[in-house]
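Down below is the structure, laid out as structure tokens.
The values are calculated or read from the model by the stated rules, or taken from the named source; none is laboratory data. This is a predicted model, so every value here is computed, not measured. Here the Cβ is made from the backbone with ideal geometry for all residues, glycine too, and neighbour counts use every protein chain on show. The accessibility values were calculated without ligands, DNA or RNA, using every heavy atom of the protein model including side chains. Shrake-Rupley method; radii C 1.70, N 1.55, O 1.52, S 1.80 Å.
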Amino acid sequence: MGSSAGSWRRLEDSEREETDSEPQAPRLDSRGVLWKNAVGFWILGLCNNFSYVVMLSAAHDILKQEQASGNQSHVEPGPTPTPHNSSSRFDCNSISTAAVLLADILPTLVIKLLAPLGLHLLPYSPRVLVSGVCSAGSFVLVAFSQSVGLSLCGVVLASISSGLGEVTFLSLTAFYPSAVISWWSSGTGGAGLLGSLSYLGLTQAGLSPQHTLLSMLGIPVLLLASYFLLLTSPEPLDPGGENEAETAARQPLIGTETPESKPGASWDLSLQERWTVFKGLLRYIIPLVLVYFAEYFINQGLFELLFFRNTSLSHAQQYRWYQMLYQAGVFASRSSLQCCRIRFTWVLALLQCLNLALLLADVCLSFLPSIYLIFIIILYEGLLGGAAYVNTFHNIALETSDKHREFAMEAACISDTLGISLSGVLALPLHDFLCHLP
């Protein structure tokens, strides 16, 4: 992992501060606990976002089912596209891939809007179980679906899994050393890269989309195993002694006291305190909303329209390559916190909006001569998006008090989802407009 060395230094620093007065043997034990939590959060980030990413990578194939015959149980690899409008210069599906984006994000938006109001009252373990079950259900439902409508229901399950998991695990980071945020973010970036690359690679190798999705059912199992078997319970917020804290940290989460029952957790904040904290977060929330609005407007509104006919890649293959390169950029930048930290995230928002303007202009005017230029721009787009995400949550973790941190993480989760939702709503009419142009 690109950030493993830096994250290890952060973990060592945290461990050293807590155990300066301890003998050497306990410090070694604590080091092992810190490593387990770091790896645990990386795997949780990977598994949590995996189904969400795969559904977006499969969006073009999911929508091609509308053109499949009624007795076809899955979409055949190597699509033979039929233009939505034969007089248009674009090779369009009759429905924009933004429809898949909305199905993949609106349930997450609802979850994140409600989370700061009461989700913290539910224990963590049942939330993780629901997330894992929904993730597995999404793969099965989309794989065996014979209609776009049923496939979109499967996408909704992936959205519920991802949204509930993100709120849960980001809140959970409030009870661990702040270094785990870097590992979580890197894991979510890894989900983007591995999810899109695995879908691209398996379908390019000749595996049908149906069997590709079914091959990914091990991911929800890995998520549950990481939470229940690998991740250790957090140290108490106000530990009675170092030995007790270390003992608690070495116990599995199953059957232990959950973080929400600790003093200082977000359940005891008044509405006035929540509103005050939220207002303070706006300087980070607004830029992240803009970053994700711009990049997902590109991804789900323009990717399908950035079609080059003079290449050996089919339309569906071009779309999968776009998704994979974007996710590669996200993974690299989400893993770069120890190398590059950005306090003024509004700069990233401005640069991402310029990306949107450039690619929208190219869709309308077709002035970029090569698909390889598009590849470079999309990789850069992913770098900006990943950097905005990891630096936003890192800055929030550093600038909020222990008492407010769990709530702040839950509230800030709305940023990316709100931006993505707005982009999906606007991308649908844009798709219809452009596909009817001669």
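Rolling a 1.4 angstrom probe over the protein heavy atoms with all chains in place gives the range 131-190 an accessible area of 20 Å² per residue. Fully extending the segment from Val140 to Asp402 would add 90.3 nm, taking 0.36 nm per residue of separation and subtracting the current Cα-Cα distance.
Peptides 338-347, 219-228 ranked from most to least packed give 219-228, 338-347, packing being the mean of other C-beta atoms within 10 angstrom over each peptide's residues. For the range 348-438, the Kirkwood radius over C-alpha pairs fed into Stokes-Einstein at 4 °C and 1.567 mPa s yields D = 82 µm² per second.
Ignoring ligands, DNA and RNA, what percent of the 1.4 Å accessible area of the range 141-213 is carbon and sulfur? Carbon and sulfur atoms account for 73 percent of the accessible area of the range 141-213. Taking every protein chain into account, the accessible area of the range 293-438 amounts to 37 square angstrom per residue (probe 1.4 Å).
Distant-in-sequence amide contacts of Cys92, defined by a placed amide H-H separation under 5 Å and a gap of 5 or more residues or a different chain, comprise His84, Asn85. This model, with +1 at the C-beta of Lys and Arg and -1 at the C-beta of Asp and Glu, gives the range 271-340 a dipole about its Cα centre of some 80 debye. Ordering of 368-378, 202-212, 124-134, 41-51 by packing is 41-51, 124-134, 202-212, 368-378, highest average first (other Cβ atoms within 10 Å, averaged per residue). Here the accessible area is traced with a 1.4 Å probe on the protein chains. For the range 340-438, carbon and sulfur cover 77 percent of it.
At what distance in angstrom do the alpha carbon centres of the range 143-162 and the range 272-348 lie from each other? Here the answer is 23 Å between Cα centres. Peptides 292-301, 104-113, 399-408 ordered by packing proxy, namely the average of other Cβ atoms within 10 Å per residue, highest first: 292-301, 104-113, 399-408.
Were the residues from Glu273 through Cys364 laid out at 0.36 nm apart, the gain over their Cα-Cα distance would be 28.0 nm.
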